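K.L.:
Pasting a structure below so you can have a look.
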Amino acid sequence: MAAVAAFVGTAALAVMLTRAPIRTDAALSSDLTGPACPAVGLEASPGLGGTGMPTAPGTYYTLEFTNVSHRACRLYGYPEVSAYTDRRATGGQIGSAAVRDTSVRPKPVMHMPGATAHSVLWVVGTGRTQRVGCAPVTAEELRVTLPHQGRSAFLPVHIPVCSKKGHASLSVQAIQARPRVPATR
């Protein structure tokens, strides 16, 4: 009986020690070194794309952020993403802005000069997964704003999205180090 109690106690301690504490932006900001990445020092571009897995229907795209400055800086959080028709030809926002996909927790990314970080954008609700009342429209641009930045970048794309406001056809993951292809959602 004493051996079982010792095993249970050790297992409980191991679980407690391996869990990362939930931290807020304010708590993290004191741990981060280096200034936040300014929008003028980053180049945003659309990256890889592909279809989802059976557990994650839809299409994914990577949004890549390259540090084109000569200084290291930090990124943390979720970019704001909205789909647009051609804004130069009196176009505007299509549907609702992307919701946060919390399957990937935000982690601070130290962004060295020349390095590329990414975020994954999922598009659902069009094609075979289309919901009732959702008329698909082709977005010609994505408006991307980095966390804590006021300046946005417009990226040229050709993505079918739902035109209905209030319908979340876009979701975006937190910014992560290194570009990669998502396996599942």
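K.L.:
Output the residues belonging to segment 111-133 that are farther than 20 Å from Ala39 by Cβ and either at pLDDT 75 or above or in contact with an Asp or Glu (Cβ under 6 Å, 6 or more places away or on another chain) (or both). Walk me through it before giving the result.
P.N.:
Of segment 111-133, the ones farther than 20 Å from Ala39 by Cβ are 120, 122-133.
Within segment 111-133, Val120, Trp122, Val123, Val124 qualify.
K.L.:
Follow-up. If you take the residues of segment 74-113 that are hydrophobic (A, V, I, L, M, F, W, C) and crowded, with 20+ Cβ neighbours inside 10 Å, which of them is nearest to His158 (Cα to Cα)? Working first, answer last.
P.N.:
First pass over segment 74-113, keeping only residues hydrophobic (A, V, I, L, M, F, W, C): 75, 81, 83, 89, 94, 97-99, 104, 109-110, 112.
Add one more test, that the residue is crowded, with 20+ Cβ neighbours inside 10 Å, and what stays is 75, 81, 83, 94, 98, 109.
Numbers: Leu75: 27, Val81: 15, Ala83: 10, Ile94: 13, Ala98: 16, Val109: 29 Å.
By that ranking, first place goes to Ala83.
K.L.:
Among the residues of segment 151-176, write down those that are at pLDDT below 90 and among the small types (Gly, Ala, Ser).
P.N.:
Of everything in segment 151-176, those that are at pLDDT below 90 and among the small types (Gly, Ala, Ser) turn out to be Ser152, Ala153, Ser163, Gly166, Ala168, Ser169.
K.L.:
Need the failing condition index for Arg23 against (1) at pLDDT 85 or above; (2) of a type outside the set (Gly, Ala, Ser); (3) in contact with a helix residue (DSSP H, G or I) (Cβ under 9 Å, 6 or more places away or on another chain), just the number.
P.N.:
All conditions pass for Arg23, except number (1).
The values are calculated or read from the model by the stated rules, or taken from the named source; none is laboratory data. What you are looking at is a predicted structure, and each value in this text was computed from that prediction instead of being measured. Neighbour counts run over all protein chains shown; Cβ positions are idealised from the backbone, glycine included.
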